[in-house]
Every structure is written in structure tokens, then in C-alpha cells.
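Comments concern the structure below.
The values are calculated or read from the model by the stated rules, or taken from the named source; none is laboratory data. Source: prediction; values computed, not measured. No Cβ is skipped: glycine too gets one built from the backbone with ideal geometry, and neighbour counts run over all protein chains shown. Areas reflect the complete protein model, heavy atoms only, side chains present, ligands, DNA and RNA absent. Shrake-Rupley method; radii C 1.70, N 1.55, O 1.52, S 1.80 Å.
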Amino acid sequence: MSSAFVDLAGPGLIAKYEPVIGLEVHVQLATATKIFCACPTSFGAQPNSNVCPVCLGLPGALPVLNRAAVELAIQAALALNCRVRPVSRFARKNYFYPDLPKGYQISQYEEPLAEHGWVEIPVDGARKRIGITRVHMEDDAGKSIHDGFRDSDRYTYVDLNRSGTPLIEIVTEPDMRGSGEAYDFLTGLKQTLEFLNVSTCDMEKGHLRCDANVSVRLKGADRFGTKAEVKNLNSFRFLKLALDHEIARQVAILESGGSIPQETRLFNPETGETATMRTKEHAHDYRYFPEPDLAPLQIADAWLDEIRSRMPELPTRKRARFMESHGLSAYDADVLTASRAIAEYYEKAATAAGEPKAAANWVMGDLMGALNADGRQIADSPVAPERLGELLVLIRRGEISGKIAKEVFVKMFSSGEAAGAIVEREGLKQISDTGALEQIVDQVLQQNTKQVDQYKSGKETVLGFLVGQVMKASRGQANPGVVNDLLKKKLC
């Protein structure tokens, strides 16, 4: 927030106003092919290689709707608590971009796929409901790549590989009252879509993009102020920075007696400021009309029920279940539902171990630490969840100590071997046999007569030292409980 607007509109002035924020989130659906043709959606292909007459907008080419895209869009709508319309229609949204070969976008307008949903976010220790106005389907434009800085040496290249990739646009109600709420909403939305495998939500590849509509009004006012739309925010951090700047900018203008024009703005990450892109279009500027080459999309109840039956448990419900049935804290449940892959790994490990809390500690601690150090995702873990569970069973049975278990885990992570095989091969089983341990205990007591005398004179804390010496002498394999009992018995 380095601009003069922010300097002018300090915290005191900003506190007089209430921000009003709504988001328009564009999500690329995780289909293998485009929405209206069979071209692949793979990222990183040679420019203009994943194209055909349909996505190039050539005369006479007709679109055919991708059923998989519709099913993913419906799953997203259901997860957002929307009402899926039995009949929705595609429309042509007419505008000119160099990378929009048809000269129009196939979208939905008056009859979208789904409407009237909501998402809950945490606010001040409670839950706040953010309304979802609509979820509609559309195709994406291509990509313009600008090269050069001087006018005489500046070129723009157009790559149409992305043209026709399937999108959903999720439009919220203006229910957010600060950049933090918008950040939390987008975070929760991304997590839900990833859980469903509706989208990878990879913002670096453009799979999740966000436009923000923001206005300010004096606290207690009923009417909304004039909004500005900030386009193409491609990271959570930029979303928050752009909103904070835009709020301060609008407050500064109003406090100086000016008025806010309705316009579209762009955020510059280098300056931390927004700048005018164009005056805001209205719906009539796009000259919407029904898409003549596509029939209305009809969603039968049976199809809707079948899609609903295939949906996985969503993050909010999974967090609650982990806390209720597994006894996890809210923090642990949040960490273990950060992604579907983490949640599924944890559940498999907990089932194999028979100890949900112990499994949670190992997944969040040793496993996550090893994965982060190795630059891996949990889906690529060399330790399968069932094998982590087997390791925890060995601890529970007293066959290995917790210290030895950590050493075994390191070997499992580097080799992919099972815990039992490593323990057996390297002779790491915990020693619980009283006879075997008694010899080690006697030796430790003979070597530490000073500490023995201290214990007998009433300094009972010395016992911990003696236990440590026995553990050291046994290479960590002695059963600590048995060692404690033997030492107390011999020191009486």
C-alpha cells in the first residue's frame, strides 16, 4: 500500500467506511478435452497445436457440449449449495479480443446452470454465510503474449490452445466486508473444488482466476457505493493486496469530495496499486442472445441424483467428523483436511493403526516434515498409509519404542520398505524380557554409584538419568516401563 491514496486514507479514515465486496471466480474444469470439441486441454503444448475448426471459430464448425464438463460443473454447484436448474441455456456474449477467434464467447446469461447457493467462512469465531448468486458454464478465450517494450519493437503473439477450455464462473453476492473475508472465501472455495477434483485450481496455469467487485460506504449506510471491478487476480496474496489498495483509494476520493466512477481496473503487483483499464461495460454492451447452435441443457432428476451419489465427503463435513469420531482438535482437523490427498492418506493410516490420534501426530509431524524436506507431495510419499499404520501398531504392541520407530520411519522413507522387515533385519525389537534387561540394569547401577546414593538419599529425580543410561546401553531398545520397574525394585 505505497500509493498516495493509501497515505491519504489512513486507518482512521478507512475505519469510518464499510467495504462491500463480491467476487467472480473463473475455474477451469478438469476435463481431458475442451467444452465444445475434442481438442485436448493439456497445459504446455506447442502454441496453437491443440486447436481445431470449432475452437478456432471457423465458419461452419458446430459446437458439441462435453458431458464430463457438465457433470463437473454440477458437482461444483451442489457443493456450493446451489439449486441446479432443470433447464439452462447457452448464450453468445459478443465482444472483441485478439485471442477470441469467434468474436464471441459461448456463456450462459439469463438461465444459468445453477443459482442461489452459499458458502460459510469463519469470522470472529463464528460462521458467516456468503451467498452464491449463480454458477454458469462458458468457454475460455485464448492467450495474448506481449513481447518488447518500445512501440517500434513490440509484438503480441496469440496462442489459441486455451481457446475453448471449459470454465465455470462462480458469482457471489456482495456479502464480504473486508479483504480478509474475501481471502478466506477463496481459500475455502479452492479447497472444496480440489476435494471434488472439479479443477486443479492451479493459479500459475490460469486454472483459477478471480475478479473482485468492491465499493465502500459509510458505516451504517443502507445504499451501496459505486463499485469498481478489479480484473484477473491470479493469487490469493494479490487479491488481498488489491482489495486493500482499492478500499483505501475509494475512501481517499470520497473524503476529498470526489466521486467513484464505475470502471474496470487492473492490479499492478510491482506497485501495489490498481489502475484504470476501461469504463465498465453493462450487459447490453455484450449483445447477449441465445446460442443458436446449442440446444437447451436439460438436467433430469435421475442424472442429478446419480452425480450427487458420486460426490466425496466435503472438507467442512470431514473436519467435523474427524473432530467428533477421531477426537482431533480443530487445528489438527484443519491440517488433515487441507487437501483431499492428505485427508485420504490420514484416514487409511488411522484405520491401519487403530489409533486415530497417533496417526494424526505422525502424519502432521514426521511424514509432513520428510515430504517437505524432500520437496514431495503426499500423493508421492514413499511410505504408504497402510505401512505407516503398521509402524504404529508395532509401537502399540511394545515391539519397538517411540525412539526406534522414528529411526525406522527414516529408513522406510528412504527405501519404501515395510517397518516389520526393517525391524527384523536390523534387530530393533524392543527388549521387554525382564531377565535380559536385569543384566543391563545391574551394569548401569554398578557404573553409577554416585547417582544410586543420591536416589537412596531422597533425590528421586535421579531415576530419569538412570533410565536414560539403561536406554543408551540397550541402543534404545529397552522397554522404558520395564526399566522403570526394575530400577525402583533394585533401588529400594
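Summary of computed values
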| read-out | value |
| --- | --- |
| Rounded if a/c under 1.5, otherwise prolate or oblate - the stretch 173-296, Cα gyration tensor axes | oblate |
| Whole-number D in µm² s⁻¹ for the chain, Kirkwood Cα-pair radius fed into Stokes-Einstein, 20 °C, 1.002 mPa s | 79 |
| Sparsely packed GluC sites (Glu not before Pro) within the stretch 69-135, loop by DSSP, other Cβ within 10 Å at most 14 | E110 |
| Gain upon complete extension [A126, K456; 0.36 nm per residue less C-alpha separation] | 113.2 nm |
| Size descriptor, Kirkwood hydrodynamic radius, that averages inverse alpha-carbon separations across the stretch 165-209, Å | 11.6 |
| Percent RCO, i.e. relative contact order, over the stretch 128-240, from Cα pairs under 8 Å lying at least 6 residues apart | 21 |
| J(HN,Hα) series, the stretch 365-381, from Karplus relation 6.51 cos²θ - 1.76 cosθ + 1.60, nearest Hz, glycine and proline x | x, 4, 5, 4, x, 5, 5, 5, 5, 9, x, 10, 8, 5, 5, 9, 4 |
| Binned Cα-Cα distances of the stretch 286-338, short to long, each 10 Å bin given as a whole percent | 20, 24, 19, 19, 14, 4 |
| Placed amide H near A114: partners under 5 Å, 5+ positions off or other chain | R85, V135 |
| Efficiency of FRET between D202 and E110 - r from beta-carbon atoms, R0 41 angstrom, step 0.05 | 0.80 |
| Sequence-separation-based contact order of the stretch 305-423, relative, with Cα cut under 8 Å and 6+ spacing, percent | 20 |
| Cα pair count fraction exceeding 12 Å, expressed as % - the stretch 325-365 | 51 |
| Amide hydrogen neighbours beyond the local backbone of E273, cut-off 5 Å, H modeled | N268 |
| Contact order normalised by residue count of the chain, Cα under 8 Å, 6+ apart, percent | 14 |
| Simple spin-label estimate for W118 and R308 in nanometres, 7 Å along Cα-Cβ | 1.8 |
| Sum of -39500 (n - 2.57) over DSSP H runs of 4+, divided by residues of the chain (222 nm, nearest 500) | -12000 deg cm²/dmol |
| Note, ³J(HN,Hα) from phi for the stretch 413-428, Karplus 6.51, -1.76, 1.60, rounded to Hz, x at Gly and Pro | 5, 7, 10, x, 6, 6, 4, x, 5, 5, 4, 5, 5, 9, x, 9 |
| Rounded if a/c under 1.5, otherwise prolate or oblate - the stretch 6-155, Cα gyration tensor axes | oblate |
| In nm, spacing of pseudo-spin labels at D293 and S144 (7 Å Cα→C-beta vector) | 2.3 |
| Longest site-free stretch - the chain; sites: trypsin sites (Lys or Arg not before Pro), DSSP loop, at most 16 other Cβ within 10 Å | 17-149 |
| Sorted largest first, extent of the stretch 103-187 alpha carbons per principal axis (Å) | 56, 32, 18 |
| Vicinal HN-Hα couplings computed from phi for the stretch 122-133 (Karplus, 6.51 cos²θ - 1.76 cosθ + 1.60; Hz; Gly/Pro x) | x, 9, 6, x, 10, 10, 10, 8, 9, x, 9, 6 |
| Extended-chain gain in nm, criterion 0.36 nm per residue less alpha-carbon gap, D301 and Q46 | 87.6 nm |
| Inter-label distance for K429 and A338, nm, one decimal - labels placed 7 Å from Cα along Cα-to-Cβ | 3.8 |
| Values of log10 I(q)/I(0), in the order q = 0.10, 0.16, 0.19, 0.20 Å⁻¹, for the stretch 372-475 under a Debye, Cα-only, solvent-free model | -0.42, -0.78, -0.93, -0.98 |
| Length gained when the stretch R317-L65 is fully extended (0.36 nm per residue, less Cα-Cα span) | 87.5 nm |
| Carbon + sulfur, % of accessible area of the chain - ligands and nucleic acids excluded, 1.4 Å | 52 |
| Once exposed loop chymotrypsin sites (Phe, Trp or Tyr not before Pro) are cut out (DSSP; at most 14 other Cβ, 10 Å), longest piece of the chain | 225-492 |
| Taking the C-alpha atoms of the stretch 301-424, convex hull volume expressed per residue in Å³ | 121 |
| Entries of K318/K348; K190/K357; K406/K490; K429/K459; K240/K348; K128/K190 with Cα pairs more than 25 Å apart | K190/K357; K406/K490; K429/K459; K240/K348 |
